[in-house]
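Asks: One structure follows; several queries about it will come next.
Please treat every number below as a calculation from the coordinates, not as lab data. In this text, all values refer to a predicted model and were calculated from it rather than measured experimentally. Cβ coordinates were reconstructed from backbone atoms using ideal geometry, including for glycine residues, and neighbour counts include every protein chain displayed.
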Amino acid sequence: MINVIWMGMLLIGFIFAAINGNMDAVTKAAFDGAQTGVTVSFGLISVLVFWLGIMRLAEDSGMLAKVAKLMGPIVRYLFPDVPKNHPAIGFILSNMSANLFGLGNAATPMGIKAMQELQKLNPDKDTATPAMCTLLALNTASITIIPTTLIAIRMNYHSASPTEIVGTTLLATAVATLAAIAADRWFRARTIRRHKPPRDGDGFNAAVSGKG
């Protein structure tokens, strides 16, 4: 569906450019955009490779294992319906650790693997489980200690102080994460209340009221 939307936007843009006689401007913008994309990508590679290397060193040294152990109780609280030693827990911890350091490119495959493992626990394959919704909310609003990708982009565009966004990013993502957790808890409680079977007395009273 997204591909259809993007294709529709491109076609509409080309049609209006042809009608208004601005095809030269559109062509120039397309090539300039492609050149900028390549330039930005090359600028990001060095920083991302550096931080991915740091993550690998942290993994080999056991630091990530300690972080995962520290975050274990939090993950078990956020995902109470996932068995303690299930493989999904490991992928969830990896996803959260990568997001903490702003490594979205590293977090995405871990999030996909976690979703695949959670799908194995899903009794209804066409409906997302509460754990899936929790993972999606946390991955989207994840608290970020070091916004690596944003710092790399600012460095690529010669920012005078590329790291000055660290404090505001930490505050914003912390608020977003707390809001995501609060919304997730509310929807979980609402789902439990909706599917909770009525007590015997409530069912009897409802039946009597229906007959009356």
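Asks: How much length is gained if the chain between ILE165 and PHE14 is pulled fully straight, taking 0.36 nm per residue apart and subtracting their Cα-Cα distance, in nm to one decimal?
Replies: Contour length minus the Cα-Cα distance gives 50.6 nm.
Asks: List, largest first, the extents of the alpha carbons of the range 35-194 along their principal axes, each in whole Å.
Replies: That works out to 53, 32, 31 Å along the principal axes.
Asks: Can you tell which of HIS86, ALA29, THR177 lies farthest toward the positive end of the dipole of the chain, using +1 and -1 charges on the Cβ of basic and acidic side chains (Lys, Arg; Asp, Glu)?
Replies: Going by the Cα projections, it comes out as HIS86.
Asks: If you line up the long axis of helix 63-78 against the longest principal axis of the chain, both from Cα atoms, how many degrees apart are they, to the nearest 10?
Replies: Between helix and principal axis, roughly 50 degrees.
Asks: What is the range 119-186's relative contact order, in percent, from Cα pairs under 8 angstrom and six or more apart in sequence?
Replies: Answer for the range 119-186 is 41 percent.
Asks: Test of understanding: what is the full-extension gain from THR140 to MET71, defined as 0.36 nm times their sequence separation minus their Cα-Cα distance?
Replies: Working: separation 69, 0.36 × 69 = 24.84 nm, distance 1.81 nm.
Here the segment from THR140 to MET71 would lengthen by 23.0 nm.
Asks: Ok, one more. Go ahead and estimate [θ] at 222 nm for the chain from helices alone: -39,500 (n - 2.57) per DSSP H run with n ≥ 4, summed, over the residue count, rounded to 500.
Replies: Working: 9 runs with 167 residues, N = 212.
Taken over the chain, the calculation gives -27000 deg cm²/dmol.
Asks: Over the chain, what is the relative contact order in percent, taking alpha-carbon pairs closer than 8 angstrom and at least six residues apart?
Replies: 17 percent
Asks: Okay, moving on. Using r as the Cβ-Cβ distance of VAL26 and ILE112, and R0 as 30 Å, what FRET efficiency do you calculate, to the nearest 0.05? The partial results should precede the final answer.
Replies: Values: r = 35 Å, r/R0 = 1.17.
Efficiency computed from Cβ-Cβ geometry: 0.30.
Asks: Run the simple label-point estimate for ILE192 and THR127 please: 7 Å along Cα→C-beta, distance reported in nm.
Replies: 1.8 nm
Asks: Now for a different question. For the chain, give the magnitude of the charge dipole about the Cα centre (Cβ charges: +1 Lys/Arg, -1 Asp/Glu; no others), in debye to the nearest 20.
Replies: The dipole of the chain has a size of about 820 debye.
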